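A.B. asks: Let me begin by handing over the structure; questions about it come next.
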Amino acid sequence: MFVSSRNEVSEFRRRYRWMRLFVVLTFIVLVGRLIQLQLVDGDEHHRQSLANVIRTVPIPAVRGRIFDSKGRVMATSMPSHSVVVIPHYFDMGKGFERLTEFLGYDDEQAAKLRAKIAERLANPKDMRRFQQFSVADGINQEHLSTIKAFMEELPGVDIVDVPVRYYPYGSMGAHMIGYTNEVNAQDIEKRRGMVEDPYRSGDRLGRTGVERMLESDLRGVRGWRKKVVDARNLPLMRRESETLLPEPRMQEPRAGNDVISTVDMALQKIVQQSLRGHPSGAVVVMDVDTGRVLAATSKPAYDPNVITSGLSFEQQRALNENIFRPRIDKTLYETYFPGSTFKPFSAMAAMEEGKITEADVFHCSGFHEFGRRTFKCPKPHGDISLRDGLVVSCNVLFYNLAEMTGMDTIARYAREFGFGAQTRVGYNSEASGFIPTKAWYAKRFPGQFRIGFTLNAAIGQGNVKATLMQVAAAYSAIANGGTIYRPQVIRRIETGDGDLVKDFPPEVVRRVAVSQRTLDLMMDSLVGVVEDENGTAHGARTEGVDIAGKTGTAQVVRRARKPGDDLNQHYYLNRDHAWFAAVAPSIEPEIAIVTLIEHGGAGGEHAAPVAVEITRRYFEEIAPRQEEPLIAEEQQPPRDKAPLVVDEETATTASTHRH
Amino acid sequence: MPRVLAHRFRDEFDWILTILIVIIAVTGVINLYSTGKAYGIPDLYLTQIYWLAFGGCVAFAVAVPDYRHYERFGYVLYAVGILLLILVLFVGTEINNSRRWLTFGALGRLQPSELMKVLLVIGLAKLLHHDPRVEGRKVIDMVVPALMTLLPMALIISEPDLGTALLCLLIFLSIMMLTRLKARSLLVVTASAPIVGVWAWSYLLKPYQKQRVVSFWSSLIDPQADRLGAGWQTYQSITAVGSGRVTGKGFTQGIIGPHHFLPEQHTDFPFSVFAEEQGFIGAVALVFLYGVLILWCLRIAANSRDRFGSVIAVGVGSIFFWQVIINIGMAMGIVPVVGVTLPLFSYGGSSILTFMLCIGLLMNVSIHRYMR
């Protein structure tokens, strides 16, 4: 039954040889492929296998802080966390459910997120699948710990630290401090190769003010940490995995440097409060002996805390369409006719060139006829000297003076004092203002040069334009004996540990070629503006406040009233700007205060009181005068019983006094 | 009688076969230890040892009785396999959308399609045993064995389990190559291949399977082309194999394997893990062992005393051969991804049992080669 012939096997005999050959050849192919993969391309595959699992995670650098001159924090960075998703590693099933649950998404939000991820995963060649995007910014501690605890179930989800910029003073001094926001593709491209640490998507960049000016100091250099992840992008804790990491495994970030400003936020607050009631204007307070800016306010301002986290479309529009132009820095970027605040410079030109002396007397009948045109004075001043002409701001006197001196001479002196050129304070886009010359007029208005141009220029109208910062620097020079300082807002740059990185000593631009005698006359005139009965700012004079200054009225280009215009707004916008450029105290001045109230009307009435209040509170609260007591100690009223507490500001002063 | 049996075992026991199997299986267990450790299933290799031990007993039991008894019950065994396949379609356990398993309570699961590969070999061996030819075979002579193959194939495809069905076809073709064919028959079989291919592409393959094949072709041209899509596994596997370089990263020191870059690595990609950790030296050694094993099968076939034994040895050898080529080939990116295990190396009870059955049959044929 089991019998079967071996001969029958002969059918198969000759086949085995071929089968053996086939098997051997096939195995040779396998070995050949092994040779190719492991021996020829082995190094490349090895590199790739490491690249698969080693991720370099950036550690953001903490942006430097900005302090005021007294060490108050003006800008700092607060820790904040964002939840990001990397679509490729994300689990659209359970992971998605978990994440939306943790974040408290409703159905609509969840659907939106799902669509966003699906879009990035649609095309396998779309590299956006590997780019993380934020699904929640500034998550609270509760969310943070929940998500961290469930990381294992959330492949492709990560938590990243995103420090948020915080400005404790809100809109106060906002233009000067500036703000940061996220870089866009163009910013990254533009700065490629120019900085040590290239900008990446999600980084923040100083956009305006000191934040922009000292971006490279404030920013710091980010660090990194290498970690081993698995295919789901989850970090691995295996000991074996740790050994895969090449040394060094981590680079600590370098925090940005701290910046110490020259500004005093307490004074800034005083300035802010003094401007109450005026919707739009600007003030610069400057140390006359150094050019340091103690306060710079442009009103209205915006809250950088809001801007820094991104504005909605409506918010942007509201900001851009506001008639008071909150985005513009009115101390630097906006130029105005300096008006009568320019008169001292015309006067100095005439005196230095010997065209007039302080003894010369002019006659003002209320108007000055020149050719067919009549140039007016607010009122006839009668016989009048140069000093009194400045005190009462007589235009006729200056028309005469301009005729004698000539436009180009006045322009030369004005430039000496820094007009017509940027002050290079550096923290925002700065206008250079303008001082016209004959040559410019010849080019601009070909034909006969009209001396009328000169007359207008001498009283700061016509085509003369200046910024508040220029006026402040120029008046500082009058007060300090003729030194033009470059205005500064930065005192020092320090490391986070307080080591000095860079100091900013006062920088002299030039000493003006004006005699002390002339400068003294100017100071005397400025005192007269406030102190004399007929001085234009006499109305603002306050007992105990020692201030000298010049009022000015900058004419506004008249707007034709269109139908449908708001009547109040129309009248407001056609009102002239009010200037008051002042120094205080009148003897050995310390500060220059330049005030401009947009559409304020007359300078003496509207701008001067603001400057007077700033000055009063400056010497009461910021820099109390250390005077020798004139009266014996016991005759003074007892301090404890004095009703010093008037408001919060003086309350702090009161407590200091009691010490 | 027991004395005779012991005597025969001493003289005729196939030590070479045994040693080959033991080396491969032990290497496989060691490799699984590394995989299991990385995956947080440290008992993986222990389970594999239990199955190997059980499978070894089965192999022994299969090896002892003269294989001519199997010849006698050849069609019955084949029919049992078919019945199990039909059964699985109705009461099978479904995992990952395919119904491949029969669950036996606490004992575990059995994959009848795995068993069918062996039973198909036995069925075809019985058929050819009684059908010796002197002349070359015509196409019509191949119809019955072809039908015997197509029946289980159709059942397996409907599970669906394309890899095993494909293996059945390859087993059939390999065995037919053993017989004397007319040149015309060979031509017809060769010519029909593309037609069957196109038909299978249009009606048989599921979209994900087509995608695998497309991705395979594109990755042959450019390995990076589809590395994020369907080619992900292949790309990672190639990286794993290649990154082993000459000496490998060392036992349990792999990168690709332990970091979850290779799905199903303990069943489908154990070779990648092995080649990554043991390098070129280890990988070539393993490939060499498989080569020797398969050539040994052919030797057993050639030395067999009858046609049944020869077909059994060649059929079993072809199971080994094709699974090795497909599995290692797909790990190295020269064969599309098909879920086929690496003999005695991959994790899995059904797979181990099937190969142990094969070993038992081989041993049986080898031991009884001189018997009349």
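A.B. asks: Within region B:245-259, is even one residue of a type in the set (A, V, I, L, M, F, W, C), under 15 Å from the mean Cα position of the chain (by Cα), farther than 17 Å from B:C358 by Cα and in a loop (DSSP other than H, G, I, E, B)?
C.D. replies: Kept after step one, since they are of a type in the set (A, V, I, L, M, F, W, C), are these residues of region B:245-259: B:246, B:251, B:255-256.
If we keep only those that are under 15 Å from the mean Cα position of the chain (by Cα) as well, we get none.
Scanning region B:245-259 turns up no residue that is of a type in the set (A, V, I, L, M, F, W, C), under 15 Å from the mean Cα position of the chain (by Cα), farther than 17 Å from B:C358 by Cα and in a loop (DSSP other than H, G, I, E, B).
A.B. asks: I'd like to check something: does region B:327-345 contain any residue that is within 13 Å of the chain's Cα centre (by Cα), buried (at least 23 other Cβ atoms within 10 Å of the Cβ), in contact (Cβ under 8 Å) with a residue 12 or more places away in the chain and assigned to a helix (DSSP H, G or I)?
C.D. replies: Yes, the conditions are met somewhere in region B:327-345.
A.B. asks: In region A:364-420, which strands (runs of 3 or more DSSP E) lie fully inside it and hold 1 or more residues that are of a type in the set (S, T, N, Q)? Give the steps one after another, and end with the answer.
C.D. replies: Numbers: elements: A:367-370, A:373-376, A:382-385.
It comes to A:373-376, A:382-385.
A.B. asks: Do we have A:L21 as within 7 Å of chain B (Cβ to nearest Cβ) and either in a strand (DSSP E or B) or of a type outside the set (G, A, S) (or both) here?
C.D. replies: Answer is no for this residue.
A.B. asks: Can you find, within region A:26-61, the residue that is farthest from the other protein chains (Cβ to nearest Cβ) among those that are crowded, with 17+ Cβ neighbours inside 10 Å and within 27 Å of A:A136 (Cα to Cα)?
C.D. replies: My answer is A:A61.
A.B. asks: Return yes when B:L204 is at pLDDT below 85 and more than 10 Å from chain A (Cβ to nearest Cβ) and no when it is not.
C.D. replies: Values: at pLDDT below 85: yes; more than 10 Å from chain A (Cβ to nearest Cβ): yes.
Judged against the criteria, B:L204 is a match.
A.B. asks: I'd like the full set of residues that are of a type in the set (K, R) and at pLDDT below 85, limited to region A:1-58. Working first, answer last.
C.D. replies: Step one: list which residues in region A:1-58 are of a type in the set (K, R), which gives A:6, A:13-15, A:17, A:20, A:33, A:47, A:55.
Once the filter is applied, which keeps residues that are of a type in the set (K, R) and at pLDDT below 85, region A:1-58 yields A:R6, A:R13, A:R14, A:R55.
Residues checked against (1) among the hydroxyl-bearing types (S, T, Y); (2) in contact (Cβ under 8 Å) with a residue 12 or more places away in the chain; (3) farther than 30 Å from A:R558 by Cα:
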site: A:P304; (1), (2), (3): no, yes, yes
site: A:I323; (1), (2), (3): no, yes, no
site: A:S340; (1), (2), (3): yes, yes, no
site: A:G354; (1), (2), (3): no, no, yes
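A.B. asks: Between B:L77, B:L124, which is crowded, with 22+ Cβ neighbours inside 10 Å, under 30 Å from B:Y370 (Cα atoms) and of a type in the set (A, V, I, L, M, F, W, C)? I'd like the intermediate steps shown before the answer.
C.D. replies: Values: B:L77 fails: crowded, with 22+ Cβ neighbours inside 10 Å.
Going through B:L77, B:L124 in turn, just one is crowded, with 22+ Cβ neighbours inside 10 Å, under 30 Å from B:Y370 (Cα atoms) and of a type in the set (A, V, I, L, M, F, W, C): B:L124.
A.B. asks: Further question: List pairs: first residue in region A:430-459 and without any contact (Cβ under 8 Å) to a residue 12 or more places away in the chain, second residue assigned to a helix (DSSP H, G or I) anywhere in the structure, Cβ distance under 7 angstrom, at least six positions apart or on different chains.
C.D. replies: A:F449/A:K438; A:F449/A:Y441; A:F449/A:A442
A.B. asks: Now for a separate question. Look at A:L99 and say whether it is surrounded by 14 or more Cβ atoms within 10 Å (Cβ to Cβ), assigned to a helix (DSSP H, G or I) and facing chain B (nearest Cβ under 8 Å).
C.D. replies: Numbers: surrounded by 14 or more Cβ atoms within 10 Å (Cβ to Cβ): yes; assigned to a helix (DSSP H, G or I): yes; facing chain B (nearest Cβ under 8 Å): no.
Here the answer is no, as A:L99 does not meet what is asked.
A.B. asks: Any chance region A:358-377 includes a residue that's surrounded by 13 or more Cβ atoms within 10 Å (Cβ to Cβ) and acidic (D, E)?
C.D. replies: yes
A.B. asks: Could you list, in sequence order, all residues of region B:286-319 that are at the interface with chain A (Cβ under 8 Å from one of its Cβ atoms), small (G, A, S) and assigned to a helix (DSSP H, G or I)?
C.D. replies: Correct list: B:G291, B:A301, B:A302, B:S310.
A.B. asks: Further question on the same structure: Taking region A:432-448 as the region of interest, how many residues are more than 18 Å from A:G418 (Cβ to Cβ), of a type in the set (A, V, I, L, M, F, W, C) and assigned to a loop (DSSP other than H, G, I, E, B)? Before the answer, list the steps.
C.D. replies: Restricting attention to region A:432-448, the residues satisfying the condition of being more than 18 Å from A:G418 (Cβ to Cβ) are A:438-448.
Subset that is of a type in the set (A, V, I, L, M, F, W, C): A:439-440, A:442, A:445.
Now narrow it down to the ones that are assigned to a loop (DSSP other than H, G, I, E, B): A:445.
Result for region A:432-448: 1.
A.B. asks: To continue, here is another question. So which helices (runs of 4 or more DSSP H) stay within region B:45-146 end to end and still have 3 or more residues that are away from every other protein chain (no Cβ under 14 Å) and not charged (D, E, K, R)? Can you show your working first?
C.D. replies: Values: elements: B:68-72, B:74-91, B:112-129.
Fully inside region B:45-146 and qualifying: B:74-91, B:112-129.
A.B. asks: Just checking, does region A:536-545 include any residue being farther than 30 Å from A:P624 by Cβ and at pLDDT below 95?
C.D. replies: Here is the first cut: in region A:536-545, the ones farther than 30 Å from A:P624 by Cβ are none.
No; the residues of region A:536-545 include none that is farther than 30 Å from A:P624 by Cβ and at pLDDT below 95.
A.B. asks: Is it true that some residue in region A:163-180 is within 18 Å of A:R63 (Cα to Cα), in contact (Cβ under 8 Å) with a residue 60 or more places away in the chain and among the charged types (D, E, K, R)?
C.D. replies: Among the residues of region A:163-180, at least one is within 18 Å of A:R63 (Cα to Cα), in contact (Cβ under 8 Å) with a residue 60 or more places away in the chain and among the charged types (D, E, K, R), which makes the answer yes.
A.B. asks: Does A:I591 satisfy being more than 18 Å from A:H278 (Cβ to Cβ), crowded, with 24+ Cβ neighbours inside 10 Å and under 26 Å from the mean Cα position of the chain (by Cα)?
C.D. replies: Working: more than 18 Å from A:H278 (Cβ to Cβ): yes; crowded, with 24+ Cβ neighbours inside 10 Å: yes; under 26 Å from the mean Cα position of the chain (by Cα): yes.
It is true that A:I591 is more than 18 Å from A:H278 (Cβ to Cβ), crowded, with 24+ Cβ neighbours inside 10 Å and under 26 Å from the mean Cα position of the chain (by Cα).
A.B. asks: May I ask you to list the residues in region B:270-285 that are within 18 Å of B:S351 (Cβ to Cβ) and either facing chain A (nearest Cβ under 8 Å) or under 16 Å from the mean Cα position of the chain (by Cα) (or both)? Before you say what the answer is, go through the steps one by one.
C.D. replies: Here is the first cut: in region B:270-285, the ones within 18 Å of B:S351 (Cβ to Cβ) are B:270-274.
Answer for region B:270-285, where residues must be within 18 Å of B:S351 (Cβ to Cβ) and either facing chain A (nearest Cβ under 8 Å) or under 16 Å from the mean Cα position of the chain (by Cα) (or both): B:P270, B:F271.
A.B. asks: Given the criterion in a helix (DSSP H, G or I) and among the charged types (D, E, K, R), identify the matching residue among A:D546, A:D565, A:D524. Let's see the steps before the verdict.
C.D. replies: Values: A:D546 fails: in a helix (DSSP H, G or I); A:D565 fails: in a helix (DSSP H, G or I).
Among A:D546, A:D565, A:D524, only A:D524 is in a helix (DSSP H, G or I) and among the charged types (D, E, K, R).
A.B. asks: Starting from residues that are hydrophobic (A, V, I, L, M, F, W, C) and either free of Cβ contacts under 8 Å to residues at least 60 places away in the same chain or touching a strand residue (DSSP E or B) at 6+ places or on another chain (Cβ under 7 Å) (or both), keep the ones in region A:561-579 and report whichever is surrounded by the most Cβ atoms within 10 Å (Cβ to Cβ).
C.D. replies: Restricting to residues being hydrophobic (A, V, I, L, M, F, W, C) and either free of Cβ contacts under 8 Å to residues at least 60 places away in the same chain or touching a strand residue (DSSP E or B) at 6+ places or on another chain (Cβ under 7 Å) (or both), the top hit is A:W579.
Listed here are the residues, each with its yes/no results for (1) at pLDDT below 95; (2) among the small types (G, A, S); (3) over 32 Å from the mean Cα position of the chain (by Cα); (4) under 22 Å from A:A296 (Cα atoms).
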residue: A:V530; (1), (2), (3), (4): yes, no, yes, no
residue: A:R558; (1), (2), (3), (4): yes, no, no, no
residue: A:L567; (1), (2), (3), (4): yes, no, yes, no
residue: A:H570; (1), (2), (3), (4): yes, no, no, no
residue: A:A584; (1), (2), (3), (4): yes, yes, no, yes
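A.B. asks: Counting only residues that are β-branched (V, I, T) and farther than 18 Å from B:S351 by Cα, which one in region B:36-73 is modelled with the lowest pLDDT?
C.D. replies: As a first pass, look at region B:36-73 and keep what is β-branched (V, I, T): B:41, B:47, B:49, B:58, B:62, B:64.
Remaining after also requiring farther than 18 Å from B:S351 by Cα: B:41, B:64.
Details: B:I41: 78, B:V64: 89.
Result: B:I41.
A.B. asks: Tell me yes or no: at least one residue of region A:186-200 is touching a residue at least 24 places away in the same chain (Cβ under 8 Å) and either of a type in the set (G, A, S) or part of a strand (DSSP E or B) (or both).
C.D. replies: No, because not a single residue in region A:186-200 is touching a residue at least 24 places away in the same chain (Cβ under 8 Å) and either of a type in the set (G, A, S) or part of a strand (DSSP E or B) (or both).
A.B. asks: On to the next question. Test each condition in (1) facing another protein chain (nearest Cβ under 7 Å); (2) within 30 Å of B:L124 (Cβ to Cβ); (3) at pLDDT below 90 for B:T267 and report the one that comes out false.
C.D. replies: Only one criterion is unmet by B:T267, namely (1).
A.B. asks: Could I ask something else about it? Do we have any residue at all in region B:11-18 that's closer than 24 Å to B:Q111 by Cα and either at pLDDT 90 or above or under 24 Å from the mean Cα position of the chain (by Cα) (or both)?
C.D. replies: Checking region B:11-18: not a single residue is closer than 24 Å to B:Q111 by Cα and either at pLDDT 90 or above or under 24 Å from the mean Cα position of the chain (by Cα) (or both).
A.B. asks: A:R129 - would you say it is within 14 Å of chain B (Cβ to nearest Cβ) and crowded, with 18+ Cβ neighbours inside 10 Å?
C.D. replies: Judged against the criteria, A:R129 is a match.
A.B. asks: Please work out which one of (1) facing chain A (nearest Cβ under 10 Å); (2) modelled with pLDDT of 85 or more; (3) not in a helix (DSSP H, G or I) is the condition B:Y235 fails and give its number.
C.D. replies: (3)
A.B. asks: Hey, another quick one. Out of (1) under 21 Å from the mean Cα position of the chain (by Cα); (2) small (G, A, S); (3) exposed (fewer than 15 other Cβ atoms within 10 Å of the Cβ), the odd one out for B:S174 is which?
C.D. replies: Condition not satisfied by B:S174: (3).
A.B. asks: Taking region A:460-513 only, how many residues are of a type outside the set (G, A, S) and in a loop (DSSP other than H, G, I, E, B)?
C.D. replies: First, the residues of region A:460-513 that are of a type outside the set (G, A, S): A:461, A:463-465, A:467-471, A:475, A:478, A:480, A:483-495, A:497, A:499-512.
Checking which are in a loop (DSSP other than H, G, I, E, B) leaves us with A:461, A:463-464, A:467, A:486-487, A:489, A:495, A:497, A:499, A:504-507, A:512.
Adding up the residues that qualify gives 15.
The values are calculated or read from the model by the stated rules, or taken from the named source; none is laboratory data. None of the values given here were measured: they were computed from a predicted structure. All Cβ positions, even for glycine, are placed from backbone atoms using ideal geometry, and neighbour counts span all protein chains on display.
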